[in-house]
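Read through the structure below, which is laid out as structure tokens, and then see the notes.
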Amino acid sequence: MSRGAFRLSWDKSILLLLILLVLFGGMNNEYFATGDNVNFILGDISEIMLIAFPMALLIIVKEIDLSVASSLTLASALCGVTWQATGSIWVAVLAGIMTGVACGLLNGLLVTRLGLSSLAVTIGTLALYRGLCYVALGDTPIADFPTEFTDLGYTPIAGTFLPWVVVPMVVAGIVFWYVLHGTRFGRWLFAIGQGDEAAEFSGIPVLRVKLWLFILTGLMCGIAGIGYTVRFASSSPDGALGFELLVIAAVLFGGVAIAGGVGTIWGVIAAVLIWGFSQSYLQLIGWDANALVIVSGVLLLLSVTIPRLLGALRESVAQRTFRPKGTEGAPPPPGEGVAEHSPAGAGHDQGSHRG
Amino acid sequence: MSGGLSRVARLREVPVLSALIVLLLLTAILNPAFRGGEGLKAILIESALIAFLAAGQANLIIMRHIDLSVSSTAGLVSFLIGNTSMNNMGISVPQSLMIAVAVGAAVGIVNGALVAYLKLPSLVVTIGTLYLVRGIFNYLAGGVTVTADALPGWVAAIGSGSILGVPDLFVIALILCVLMTIVQTSTRWGRDLYAIGSNPPAAARVGIPVAHREFAAFVLNGIIAGLAGMLLLFRFSFADATAGLGIELYVVAACVIGGVAIAGGVGTAMGALIGAVLLQAITFALGALGVSQFWQQAVAGALLVLAIAFDRIVALRSTQRINRLAEAPV
């Protein structure tokens with residue numbers, strides 16, 4: 001099926017797009033490719049990147065977590081509160097990360113034990129965790145963190161222009177890439193995404209895997225929450241509002257199919273970098289922040305529309321070649337909504353044919 | 001129990017409505033200040049916008065779809081009407097309706113075409129249009145703020161008026177939800193939505209034009225979101241670039257609490273309206289009972305999670321009951 005004309009898969013295309021974007025930006029704007037600007041961009045995308053990894057795994061198994069922004073903010077809030085209470089930044093960091101894990105655990109238990117839809121559950125916990133941020137902080141942000149801690153937000157690693165937040169990002173990228181593409185656990189995720197029941201019958205502990213993915217998402221929200229606290233040098237209850245949709249948009253733009261079973265880590269990395277670099281470039285050439293929001297929306301729409309149109313085109317060519325007229329099958333399965341998806345036309349073209 | 005009564009008791013809306021009544025009674029008993037009716041009035045005013053939007057959203061959730069772009073559409077419309085009024089020294093009702101319907105239908109057509117005819121997942125498409133419309137809105141609005149003195153008198157009149165003690169805003173939402181429930185339960189178009197949501201491939205096999213129904217429901221929801229922009233303006237007599245920000249999740253929450261399950265195939269607009277009122281009533285009750293405002297959102301969130309879990313348990317029970325009936329010897 002994937003023989004012939006179109007071998008350039010979605011995630012390869014966006015990697016190419018990223019390279020072109022960096023070259024184009026570097027040639028047209030002298031500030032774009034400087035160390036300072038790249039330092040800023042990498043800091044700016046770090047939370048999105050950290051959470052996009054586990055979100056990609058969740059979407060591959062046909063689950064979703066809308067509570068990530070609230071979990072991140074709650075982790076940041078608890079980090080701040082613990083810092084004020086104990087005066088130890090290490091205890092505070094640990095408390096923040098554990099808060100994230102707890103948020104993920106609750107989501108996971110609700111989804112796997114009660115069999116609830118993760119979309120509904122995490123809309124609920126989105127409100128719950130955000131509410132708890134106000135409980136923890138009131139409406140006054142905590143900003144008296146030690147400077148050695150907050151300096152990490154912008155000072156480069158000695159001898160380079162890279163900010164410290166790059167470290168967790170790179171480590172997470174390697175770990176997630178290996179887990180998804182190099183381990184049995186990773187193959188289980190694709191199997192679950194292709195079909196829960198078949199995976200269950202072939203001996204994969206589907207519910208346990210999903211529970212761990214939610215916990216993992218919580219853990220990454222915790223780490224991102226610490227990064228957020230460091231970069232903004234404060235914990236405030238209204239941080240990272242609407243951030244969950246941005247993460248999901250980046251993951252889907254990176255070639256992870258919302259219908260499940262398809263996706264790569266480097267597609268996600270490329271997508272988040274494209275988002276970061278294009279925002280930076282447009283800002284440098286003087287576009288205002290509103291135009292950037294439009295760009296995010298358009299990128300997301302294109303990322304689902306183009307593969308679908310190409311798929312339809314290929315299908316019609318294939319039908320004309322291989323099938324006599326009048327033997328069309330059943331009408332296409334409708335209702336690729338939020339709860340269930342038909343495997344046909346999963347969107348991004350590279351993976352639905354892989355067995 | 002007679003047949004009719006037990007059927008009513010089994011309606012998905014009944015537990016939500018009971019919870020609402022118990023909550024209001026408890027609050028009224030514990031806090032005398034709440035008894036005057038002003039508290040109830042405030043709840044109705046606050047829940048009107050969410051209920052109005054939930055009427056259109058319910059159609060989509062019934063079909064296993066979702067539309068997150070409604071907040072951007074409503075915000076854009078409220079600003080456009082306000083801004084037009086500011087630049088032209090006033091605006092008439094038909095002009096405002098025209099803006100609301102045109103903008104709403106445009107967004108609805110984009111969403112509907114991509115979801116129904118290109119078969120793209122509605123969650124992704126409407127997150128995309130959420131950004132797209134919000135971006136256009138922010139671009140147009142910039143730093144402009146529309147205040148009450150730039151708006152014609154009828155805007156404030158509807159916003160603060162009431163009919164027989166019921167706020168106008170809520171009356172408008174109630175009328176829409178009643179009409180929508182009649183459409184959902186008693187017309188062929190409405191019944192088709194449930195068939196599609198229960199089993200999409202089966203619905204296509206029995207000849208329901210699935211794509212046309214999906215398209216129409218998205219366009220209708222877009223128009224409702226546009227009209228909700230007018231409600232937004234009535235409510236606040238104020239519009240700027242943040243109008244309507246973030247309300248999409250409350251709309252979905254109202255539907256889910258009111259018995260319109262994410263899994264599709266069940267629920268009505270009236271249920272969603274009750275869900276919207278319950279959601280507001282919880283916040284008000286907590287305030288009236290002296291709970292710190294910082295706890296209110298957390299408790300509302302916890303109750304939302306509980307409502308979702310409770311609904312699932314009830315649904316499991318009724319499936320078990322049906323299975324037992326099916327297995328029982330005749």
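The values are calculated or read from the model by the stated rules, or taken from the named source; none is laboratory data. The shown structure was predicted, so the numbers you read here are calculated from the model rather than taken from an experiment. Cβ: placed from backbone, ideal geometry, glycine included. Neighbour counts: every protein chain shown. Just the protein is used for accessible areas: all its heavy atoms, side chains included, with ligands, DNA and RNA removed. Shrake-Rupley method; radii C 1.70, N 1.55, O 1.52, S 1.80 Å.
Given A:I306, A:I97, B:V144, which one lies farthest toward the positive end of the charge dipole of the protein assembly as shown, if we put +1 on the Cβ of every Lys and Arg and -1 on the Cβ of every Asp and Glu?
Farthest towards the positive end: A:I306.
Taking N as the number of residues in region B:107-205, what is its alpha-carbon radius of gyration divided by 2.2 N^0.38 Å? Present the calculation step by step, with values, prior to reporting the outcome.
On the way: Rg = 19.6 Å, N = 99, 2.2 N^0.38 = 12.6 Å.
That ratio works out to 1.55.
When only C-alpha pairs under 8 Å and at least 6 residues apart count, what is the relative contact order of chain A, in percent? The partial results should precede the final answer.
Values: 555 pairs, mean separation 106.3, N = 355.
Worked out over chain A, it gives 30 percent.
So, by mean Cβ neighbours within 10 angstrom, what's the order for A:49-56, A:90-97, B:316-323 with the highest one leading? Could the numbers behind the result be given before it?
Working: A:49-56: 28.4, A:90-97: 19.9, B:316-323: 10.6.
So the peptides A:49-56, A:90-97, B:316-323, ranked by packing, come out A:49-56, A:90-97, B:316-323.
Say the dipole of the protein assembly as shown comes from +1 at the beta carbon of Lys and Arg and -1 at that of Asp and Glu; which of A:A250, A:V317, A:S236 then lies farthest toward its positive end?
The residue sitting most towards the positive pole is A:V317.
Return the carbon/sulfur percentage of the accessible area of chain A, one whole number, probe 1.4 Å, all protein chains in place.
Numbers: 10250 of 15360 Å².
Roughly 67 percent of what the probe reaches on chain A is carbon or sulfur.
Find, to one decimal place in angstroms, the Kirkwood hydrodynamic radius of the protein assembly as shown, where the mean of 1/r is taken over every pair of different Cα atoms and then inverted.
With all distinct Cα pairs of the protein assembly as shown included, I get 26.2 Å.
With r as the distance between the Cβ atoms of A:H181 and A:W90 and R0 = 30 Å, compute the FRET efficiency 1/(1 + (r/R0)^6) and round to 0.05. Kindly include the intermediate steps, with their values, before the conclusion.
Numbers: r = 34 Å, r/R0 = 1.12.
Taking R0 as 30 Å, the efficiency between A:W90 and A:H181 is 0.35.
Can you order the peptides A:256-262, B:12-18, A:239-245 by their average number of other Cβ atoms within 10 Å per residue, highest first? Each step should come with its number before you reach the end.
Values: A:256-262: 26.4, B:12-18: 16.6, A:239-245: 19.7.
Put in order of decreasing packing, that is A:256-262, A:239-245, B:12-18.
Go ahead and estimate [θ] at 222 nm for chain A from helices alone: -39,500 (n - 2.57) per DSSP H run with n ≥ 4, summed, over the residue count, rounded to 500. If you can, show how the numbers build up before the last one.
Working: 13 runs with 241 residues, N = 355.
-23000 deg cm²/dmol, from helical runs alone.
Inside 10 Å of the C-beta atoms of B:199-205, what's the mean count of C-beta atoms belonging to other chains? All intermediate terms of the calculation are to be shown ahead of the outcome.
Details: counts 2, 7, 7, 0, 3, 6, 2.
Mean shielding by partner chains, rounded to a whole number: 4.
Would you mind checking the radius of gyration and Dmax of region B:150-212 based on alpha-carbon positions, in Å?
According to the Cα coordinates of region B:150-212, Rg and Dmax are 18.7, 54 Å.
Show me the helices of chain A, taken as full DSSP H stretches, that run 18 Å or more along their long axis by Cα and average 0.5 or above in Kyte-Doolittle hydropathy. Can you show the working numbers first?
Working: long enough: A:10-28 (26 Å, 1.64); A:35-60 (35 Å, 1.49); A:68-86 (26 Å, 1.06); A:89-114 (37 Å, 1.79); A:118-137 (27 Å, 1.49); A:166-182 (23 Å, 1.89); A:206-232 (38 Å, 1.44); A:265-284 (29 Å, 1.36); A:289-322 (50 Å, 1.18).
Length and hydropathy pass: A:10-28, A:35-60, A:68-86, A:89-114, A:118-137, A:166-182, A:206-232, A:265-284, A:289-322.
Name the helices (complete DSSP H segments) of chain B with a Cα length along the long axis of 18 Å or more and a Kyte-Doolittle mean of at least 0.0, or state none. All intermediate terms of the calculation are to be shown ahead of the outcome.
Numbers: long enough: B:13-30 (26 Å, 2.51); B:38-62 (34 Å, 1.42); B:70-88 (27 Å, 0.58); B:93-112 (27 Å, 1.62); B:122-141 (27 Å, 1.39); B:168-186 (27 Å, 2.16); B:210-236 (39 Å, 1.41); B:269-288 (28 Å, 1.92); B:293-327 (51 Å, 0.51).
Correct list, ordered by number: B:13-30, B:38-62, B:70-88, B:93-112, B:122-141, B:168-186, B:210-236, B:269-288, B:293-327.
Could you tell me the relative contact order of chain B? Use alpha-carbon pairs under 8 Å, at least six residues apart, and round to a whole percent. Walk me through the numbers on the way to the answer.
Details: 528 pairs, mean separation 111.7, N = 330.
Value for chain B: 34 percent.
Given contacts defined as C-alpha pairs under 8 Å and at least six residues apart, what's the relative contact order of region B:31-168, whole-number percent?
Working: 96 pairs, mean separation 45.0, N = 138.
Normalised by residue count, the contact order of region B:31-168 is 33 percent.
Give the Rg/Rh ratio for region A:10-313, taking Rg as the radius of gyration of the Cα atoms and Rh as the Kirkwood radius, to two decimals.
Numbers: Rg = 19.2 Å, Rh = 19.8 Å.
Rg/Rh for region A:10-313 comes to 0.97.
With all distinct Cα pairs included, what does the Kirkwood hydrodynamic radius of region B:213-269 come out to in Å, to one decimal, could you say?
Working: mean 1/r = 0.0764 Å⁻¹.
About 13.1 Å for region B:213-269.
Express the accessible area of region A:10-313 per residue in Å², computed with a 1.4 Å probe while the remaining protein chains stay in the model. Intermediate values should be presented prior to the final figure.
On the way: 11570 Å² over 304 residues.
Using a 1.4 Å probe on heavy atoms only, each residue of region A:10-313 averages 38 Å².
Below 20 Å, Cα to Cα, which aspartates and glutamates can A:K62 reach? Residues fewer than 8 away in the same chain don't count.
Result set, ordered by chain and number: A:D11, A:D196, A:E197, A:E200, A:E244, A:E336, A:E340, A:D349, B:D67.
Nothing charged except the Cβ atoms of Lys and Arg (+1) and of Asp and Glu (-1): what's the magnitude of the dipole of chain A about its Cα centre? Round to the nearest 20 debye. Numbers along the way, then the final one.
On the way: 17 positive and 22 negative charges, 284 e Å.
Dipole magnitude for chain A comes out near 1360 debye.
Just tell me how shielded B:302-310 is by partners: mean number of partner chain Cβ atoms within 10 Å of each residue's Cβ, no decimals. Write out the running numbers ahead of the final one.
On the way: counts 6, 3, 9, 13, 2, 2, 9, 8, 1.
Per residue, the number of nearby Cβ atoms from other chains is 6 on average.
What's the ranking of B:263-273, A:9-19 by average number of surrounding C-beta atoms within 10 Å, highest first? Numbers along the way, then the final one.
Values: B:263-273: 25.8, A:9-19: 18.8.
Packing proxy ranking, top to bottom: B:263-273, A:9-19.
When Cβ neighbours within 10 Å are restricted to other protein chains, what is their mean count per residue of peptide B:289-298?
Whole-number average of other-chain Cβ neighbours for B:289-298 is 4.
Quick check: from the Cα gyration tensor, does region B:1-144 come out rounded (a/c under 1.5), prolate or oblate?
Verdict is oblate for region B:1-144.
Looking at the square roots a ≥ b ≥ c of the eigenvalues of the Cα gyration tensor of region A:111-203, which shape do they give, rounded for a/c under 1.5, prolate if a/b is larger than b/c, or oblate?
oblate
What ratio of Cα Rg to 2.2 N^0.38 Å holds for region A:26-108? If you can, show how the numbers build up before the last one.
On the way: Rg = 16.9 Å, N = 83, 2.2 N^0.38 = 11.8 Å.
Taking the Cα Rg and dividing by 2.2 N^0.38 Å, one obtains 1.44.
Over all pairs of distinct alpha carbons, what does the Kirkwood formula give as the hydrodynamic radius of chain B, in Å? Don't skip to the end; give the middle numbers.
On the way: mean 1/r = 0.0483 Å⁻¹.
After inverting the pairwise mean of 1/r, the radius is 20.7 Å.
How big is the charge dipole of the protein assembly as shown about its Cα centre, in debye rounded to the nearest 20, if each Lys and Arg gets +1 on its Cβ and each Asp and Glu gets -1 on its Cβ?
On the way: 34 positive and 34 negative charges, 477 e Å.
Roughly 2300 debye, rounded to the nearest 20.
Each label point is 7 Å from the Cα along the Cα-to-Cβ direction; what then is the distance between the points at B:S186 and A:D288, in nm?
Simple spin-label model gives 5.0 nm for this pair.
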